[in-house]
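No lab work stands behind these numbers, since they all come straight from the coordinates. This one's a predicted model, so the numbers in the text were calculated from it and none came from an experiment. Virtual Cβ from ideal backbone geometry, glycine too; neighbours counted across all protein chains shown.
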Amino acid sequence: MRITPPQACKAAYLNASEHKLRIEELPLEEALGPVSFALLCHRDRYKSFEVEPYNERNVLCFGAGPLAGARLYGYHRLIFAARSPLWNGFFISSMGGAALPLYHAGVDYVAVEGKSEDYLIAALKGAEDGSIESRFQAINEQDLMDIFQGYKNERGGYALQQYTYDQFNELYRDEERYIDFRIITVGPAALNTNFGSICSTVIRNGTFRVGVDDWAGRGGMGSLIAQAHRTVAIAYGGTYAGKTFTENIKDIKVVNKIFEEEFNEKYTDYVIRSGTKYRYDPHVKSAGTFGVNMSVLGEWLLSFNWQSVNLSESERKALYALVKDHYLKQFNEEIVEPRTFATCGEPCPLTCKKIYHEHKKDYEPYEALGPNSGIFDQRAAEKAVKEVEVMGFDAIEFGNVSSWVLECIHKGLLRKEEIGLKDDVAFDPQTYKIEFSH
Ligand code: SF4
């Protein structure tokens, strides 16, 4: 069966210099998806390869593919693409579930262009008829820093999400209820480093789902939007739902029929079977990227700034025992057994977000700021990851930098006084004890 998506797509150009939104209808063959739209912008229109990464011509593009709006899970990842200020080349980073409200805003792609004088917060809202309303608010650097320092019991990027919510939530209110919307923000790391990320917490019925946040972490896309365009937050959402397909794949019954014809299996059953790792894997009695990777890695687990590759097999096995008997055990007891699982915002049966209080636990940040940074305890790792997230760093990048710094101190290549540390570091894999995690 062949499903034909709509033949045109809609791009919104958010001009940070003029605080304006311009809409363009594009034939689908010119921009088949968010990556081809970004390539069209970077290669043909703005020629970002001719300028430095923080030039405003390095437009930050984001969007979803032509099957957004269908009852298919994972098709509402929000795909960011631009020249990475961290690595210089064209790069793609994505954020689970965050394209669903963009679909409801009636927009396929957004390009952030130009550069605001003060920092900028923008809001887009789509209506059922496909029209799009935009609002802008400038904020000076001191006020922004004050928000990052603390706003309504939140700090950093989370505080800016709350502030943006307070400024614009009425836009997404329809009498007594809230329509679908979401807010992407940066944290202070985006203003000062080249590995700032973009974060967004799921909002359900107008309320933040604390701990259920998604990140476009890799490549410094937060640094790009903050430093090249001086844009720090964008709210978006709406009530648009008008996209049509040749087969009505917005109806789960139609999707199931297609999957039964093609794969002899209902769609949801197919997704659950294919995504066992992300939901729950009975073979290892654990779940999600953290639980399953940590269950199967064994002595191949990387630790202590990758020094583990030079250890003997028995030494690596001894380190892995700390994971199996403590770090992973905590995860399984606190998250897998009570099944505190959530989705990214899509109505997806895999519920791949593994949540403990306000902490979402994925393998990569909890490895980079876990065993690779000499941390084998969930409480210590939560403290490290949360602080890094509040600052709006890419936690994977940060973990690899911090583990390198820790090894430099351990080996005497850097003195702790040189970076303002008071305590000694414990970073010797051969004499390590779990309590050194803290
Ligand atoms: S819940 Fe997880 S697996 Fe499902 S669509 Fe969202 S990110 Fe993908």
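Just a few scattered comments:
- Spin-label pair R177-D269: with each label point 7 Å from Cα along the Cα-Cβ axis, the two points sit 3.2 nm from one another.
- Each label was represented as a point 7 Å from its Cα along the Cα-to-Cβ direction; for S312 and D428 these points are 1.7 nm apart.
- Gyration tensor verdict on the chain (Cα atoms; rounded if a/c is under 1.5, prolate if a/b is larger than b/c, oblate otherwise): oblate
- Subtracting the Cα-Cα distance of I258 and N205 from their residue separation scaled by 0.36 nm leaves 15.9 nm.
- Here the extension length gained between W404 and D166 equals 81.7 nm, from 0.36 nm per residue of separation less the Cα-Cα distance.
- 3J(HN,Hα) along segment 80-90, derived from phi through the Karplus expression 6.51 cos²θ - 1.76 cosθ + 1.60 where θ = phi - 60°, amounts to 9, 8, 5, 7, 6, x, 7, 10, 6, x, 5 Hz, with x in place of Gly and Pro.
- 3J(HN,Hα) along segment 102-114: 5, 4, 6, 7, x, 10, 8, 9, 10, 10, 8, 10, x Hz, from the Karplus curve 6.51 cos²θ - 1.76 cosθ + 1.60 with θ = phi - 60°, whole Hz, x for Gly and Pro.
- Backbone geometry of segment 330-346 corresponds, through the Karplus equation with coefficients 6.51, -1.76 and 1.60 at θ = phi - 60°, to 3J(HN,Hα) couplings of 4, 4, 5, 6, 8, 10, 6, 4, x, 6, 8, 10, 9, 9, 7, x, 7 Hz, x marking Gly and Pro.
- Amide H within-cut-off set for S303, under 5 Å, with H built and near neighbours excluded: S308, V309
- Full extension of the chain between L421 and D118 yields a length gain of 105.6 nm, computed as 0.36 nm times the residue separation minus the alpha carbon distance.
- Point-to-point label distance, Y356-R379, nm (Cα→Cβ direction, 7 Å offset): 1.1
- Too-long pairs where the Cα-Cα distance tops 22 Å, listed order kept, from K152/K386; K354/K433; K243/K360; K411/K433: K354/K433; K243/K360
- Helical mean residue ellipticity (222 nm; -39500 (n - 2.57) per DSSP H run of 4+; nearest 500) of the chain: -8000 deg cm²/dmol
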